[in-house]
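Worksheet: one structure, shown below.
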Amino acid sequence: VSAGGWAWGLAGAAAGLAAFAAARWLVLRRELANLAARLDEMGLGGRLDLRLPPSAEPSLSRITESANALVRRLAAQMEELAAGRARLQAVLDTMAEGILVLDAQGRIVTANPAAERLLGAPSLAAGVPLQAVARLPRLQEVAREAEHRAASAELETAGDPPRWLRVRAAPLGAAAAPGRVLAVLADVTDFKRLDQIRRDFIANASHELKTPLAAIRGYAEVLADETGTEESRVILRHAERLSRLVEDLLTLSRLESRSLDVRPTVLDVAAVAERAFALIRPLADARRVSLVSSVAAGTKARADEESLLRILLNLLDNAVKWSPEGGRVEILSAPAEAGIAVSVRDRGPGIAPEHLPRLFERFYRVDKARSRELGGTGLGLAIVKHLAELNGGEAFVRSRPGEGTEAGVRLPAAT
Ligand SMILES: Nc1ncnc2c1ncn2[C@@H]1O[C@H](COP(=O)(O)OP(=O)(O)OP(=O)(O)O)[C@@H](O)[C@H]1O
Ligand SMILES: [Mg+2]
């Protein structure tokens, strides 16, 4: 074979190869175009049920298999997500509490059927401003406050009959959508009504008991004076205890219904402490307990004078009752957060820590037998707490068994 023959042969082979490569390139291009179209359908069209067809080309087939695996996983995750959403929706739909999500502009993002029912709004569609569907200014206020911190309120709806709702709202804390607020609404109408019935009952019963008790007390006094018998003195003692109890119950119900007149003024704490001492002195003398005021001259608080007097009398009554014979009871004052603390300290038996959280509940007594013996019904500290709150303050107690007790109130400063 000549050299020219070789050359021709090589050229022919090269041409054949080129033709083959070109044909293969065309096939691959068509396959790639098909794959791209299918991927569009899956990705852009959301058809996660479709798969890429297998390819005879090894490198392509690896890509299609990986892509198919990816899509399978994506589809499984989407399904899980959808199931979770459906579960959440079912919970939201069947909840008794109303759920509202509002955006920073006060427009509804989500509302469940209970929210629609409680607010008396036929439909709370997404995007609608809440105020357009529910005319409850207090609800808007709470929602606005909840953009920054948790807030709650009780409000009356305008429906017929009106219902009471308790709203608790808090920032949703979604970084992607700042200013969103989650509000939970609960119907507390029945609770409110029962509470009112209970209050009315206590108020009416104590009121009805007052007159007959006064008569019993009066006649028992006459009887005790005239006959001096032990029996008549027992009747008198118990009649007096009963009327104290009735008085306390009446005071508490007036405090709860806020029908007690409270007129805060700037008070000289030392002067009120002296008034309280004068009233409690007979009891203190009988138990040889000394009364000491450590209130600095010129100490001022902002409170209603009769309220502070009643607070101190209740605290002094406890301190004297629980002091040992010959003990010492002291009224103290100290600057407190945004105001002033006025307290009464004794060196009595003290109170175990487990009782402290419940001490201000009505009828709560640590040692029932001992308290009753001392004539207590467990209403004194409940009254103190209510009075403190009505005056914009709060009650507190510190105590250590064996060391004594300090109970008092924090009141707003006199500005
Ligand atoms: N200074 C104190 N030292 C020890 N225990 C106290 C003191 N103050 C209150 N307690 C305990 O707390 C309970 C509740 O006090 P609270 O003043 O409410 O009721 P009370 O004194 O028993 O009755 P009331 O004040 O209605 O006459 C008391 O029964 C007592 O067990
Ligand atoms: Mg008491």
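The values are calculated or read from the model by the stated rules, or taken from the named source; none is laboratory data. Quick caveat, the model's predicted, so the values are computed rather than measured. Heads up, the Cβs are rebuilt from the backbone with ideal geometry, glycines too, and the neighbour counts pull from every protein chain shown. Accessible surface areas use protein heavy atoms only, side chains included; no ligands, DNA or RNA. Shrake-Rupley method; radii C 1.70, N 1.55, O 1.52, S 1.80 Å.
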Restricted to segment 370-400, and to residues that are open to solvent by 30 Å² or more (accessible area, probe 1.4 Å) and farther than 19 Å from VAL320 by Cβ, which residue is nearest to ligand 2 (Cβ to nearest atom)?
LYS385
Given the conditions (1) more than 30 Å from ASN112 (Cα to Cα); (2) at pLDDT 90 or above, and given that GLU80 satisfies all but one, which numbered condition is not satisfied?
(1)
Checking LEU124, LEU52, LEU35 in turn, the sole residue that is in contact with a Ser or Thr (Cβ under 6 Å, 6 or more places away or on another chain) and either open to solvent by less than 30 Å² (accessible area, probe 1.4 Å) or not hydrophobic (A, V, I, L, M, F, W, C) (or both) turns out to be LEU52
Is segment 206-222 home to any residue that is over 30 Å from PRO162 (Cα atoms) and outside any helix (DSSP H, G or I)?
no
Among the residues of segment 302-323, are any touching an Asp or Glu at 6+ places or on another chain (Cβ under 8 Å), away from ligand 2 (no atom under 16 Å from the Cβ) and over 30 Å from SER259 (Cα atoms)?
no
Go through segment 68-92 and give me each residue that's touching a residue at least 24 places away in the same chain (Cβ under 8 Å) and open to solvent by less than 100 Å² (accessible area, probe 1.4 Å).
VAL71, LEU74, ALA75
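Listed here are the residues, each with its yes/no results for (1) more than 7 Å from ligand 1 (Cβ to nearest atom); (2) under 25 Å from ARG241 (Cα atoms); (3) touching a strand residue (DSSP E or B) at 6+ places or on another chain (Cβ under 6 Å); (4) of a type in the set (Lys, Arg).
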| site | (1), (2), (3), (4) |
| --- | --- |
| GLU325 | yes, yes, no, no |
| PRO349 | no, yes, no, no |
| SER371 | no, yes, no, no |
| THR377 | no, yes, no, no |
| LEU381 | no, yes, no, no |
| VAL384 | yes, yes, yes, no |
| LEU390 | yes, no, no, no |
| GLY408 | yes, yes, yes, no |
Considering every residue within segment 355-374, establish whether at least one is modelled with pLDDT under 95, of a type in the set (Phe, Trp, Tyr) and on the phi > 0 side of the Ramachandran plot.
yes
Selection count, segment 249-271, where residues are at pLDDT 85 or above, within 30 Å of ALA413 (Cβ to Cβ) and open to solvent by less than 40 Å² (accessible area, probe 1.4 Å):
7
Mind checking which helices (runs of 4 or more DSSP H) fall wholly inside segment 299-415 and carry at least 1 residues that are more than 21 Å from GLU274 (Cα to Cα) and among the aliphatic types (A, V, I, L, M)?
368-373, 380-390
So if I check each of GLU274, GLU325, GLU337, which one is open to solvent by 30 Å² or more (accessible area, probe 1.4 Å), within 18 Å of ALA388 (Cα to Cα) and among the acidic types (Asp, Glu)?
GLU337
